[in-house]
Amino acid sequence: MIISKNDDRNVLPTDVIGRSVAHSKRWLVAIVRIHHEKKTSERLTKMGVENFLPIQQEVHNWSDRRKVVDRVILPMMIFVHVDSQEQKEVLTLSAISRYMVLRGERRVLFRSPAVIPDQQMLRFKFMLDYSDETICMSTSPLAPGEKIRVIKGPLAGLEGELVDMNGKSKVAVRLTMLGCACVDIPAGCVEPV
C-alpha cells in the first residue's frame, strides 16, 4: 500500500468517493396540511430550503370595518426548490405529507414527483408580484390561447396566453399539473409574440 501525504479526496470527483454529487435543483409541489401553509413555509426557510408560498392580499369588507387579509392562492400546496437530498429532508416536516406526483404512473411505490419548469415558476412569481388585479387559479381545461406579451402596465414583459373567460380577456400562465393562473388585462395592453 502506498501512503501519500496528499489527500486524494480533494482531487477526485465527489461521486468516486461516495459523497453526494451536486444535483440541479427543481421546483416541486409539496402537499401540506390544511391551514398550515404559512407556518410550514417559515419552517422550510429556517431549514434553509428555498420555498415559495403564493399569497395575495385582499381587502375584506365587514359592516363595521375593512381589513387587508392574506389569501393563499393554492391551498394545501407549497412550491419547494430542492435537490435530491433536500427533497428527502422536506418530507421530515410533520405538516408535509407528500409531493404532488405525475398522473397515470403505474408503479405506486416509486412515483416521481411532478416537476414545475423553472420558466413557468418565474412567470407565475412575476405575475403574483406585480399584478394589481386579483389572480385566480383555473383548474378546468382552457383552450390554448394566443401567445402574447404584456406591453403596458405593471405586468409589462410577462409572456403568457390571451384567453377568454366569462367574456373577459385574461392573461394565463400555465403551471404543469396545477392549471392556469389568470389575471384580467385590457386587450390593448398586449401584443402577439
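Quick one: how many residues across the range 62-84 are in a loop (DSSP other than H, G, I, E, B) and open to solvent by 90 Å² or more (accessible area, probe 1.4 Å)? So the answer is 4. Ser20 - would you say it is more than 25 Å from the chain's Cα centre (by Cα), closer than 18 Å to His81 by Cβ, at pLDDT below 95 and loosely packed, with under 11 Cβ neighbours inside 10 Å? Yes.
Which one of the conditions (1) at pLDDT below 50; (2) assigned to a loop (DSSP other than H, G, I, E, B); (3) open to solvent by 80 Å² or more (accessible area, probe 1.4 Å) does Arg9 fail to meet, given that it meets all the rest? The single condition Arg9 does not satisfy is (2). Only one of the numbered conditions (1) open to solvent by less than 50 Å² (accessible area, probe 1.4 Å); (2) in a strand (DSSP E or B); (3) without any contact (Cβ under 8 Å) to a residue 60 or more places away in the chain; (4) closer than 22 Å to Pro54 by Cβ is violated by Ser169, and that is (4). Tally up the residues in the range 134-193 that are closer than 25 Å to Pro75 by Cα and of a type in the set (A, V, I, L, M), please. Qualifying residue count, the range 134-193: 17. Residue count for the range 153-180 satisfying the condition of being at pLDDT 90 or above and either in contact with a Pro (Cβ under 8 Å, 6 or more places away or on another chain) or among the hydroxyl-bearing types (Ser, Thr, Tyr) (or both): 1. Report whether or not Leu142 is more than 25 Å from Asn51 (Cβ to Cβ), under 22 Å from the mean Cα position of the chain (by Cα) and either in a strand (DSSP E or B) or charged (D, E, K, R) (or both). In short, no. Quick one: in the range 50-61, which of the residues that are in contact (Cβ under 8 Å) with a residue 12 or more places away in the chain and in a strand (DSSP E or B) is farthest from the chain's Cα centre (by Cα)? Among them, the one singled out is Glu58.
Identify the residue in the range 145-165 that is touching a Lys or Arg at 6+ places or on another chain (Cβ under 8 Å) and assigned to a loop (DSSP other than H, G, I, E, B) and, among all such residues, is farthest from Phe52 (Cα to Cα). So, considering only residues that are touching a Lys or Arg at 6+ places or on another chain (Cβ under 8 Å) and assigned to a loop (DSSP other than H, G, I, E, B), the one farthest from Phe52 (Cα to Cα) is Gly157.
Of all the listed residues (Ile185, Ile151), the sole one being surrounded by 15 or more Cβ atoms within 10 Å (Cβ to Cβ) and either under 24 Å from His36 (Cβ atoms) or touching an Asp or Glu at 6+ places or on another chain (Cβ under 9 Å) (or both) is Ile185.
The values are calculated or read from the model by the stated rules, or taken from the named source; none is laboratory data. These numbers come from a predicted model, not from an experiment. Every residue, glycine as well, gets a Cβ built from its backbone with ideal geometry; the counts of neighbours run over all protein chains shown. Ligands, DNA and RNA are stripped out before the accessible areas are found, and what is left, the full protein with its side chains, is counted by its heavy atoms. Shrake-Rupley method; radii C 1.70, N 1.55, O 1.52, S 1.80 Å.
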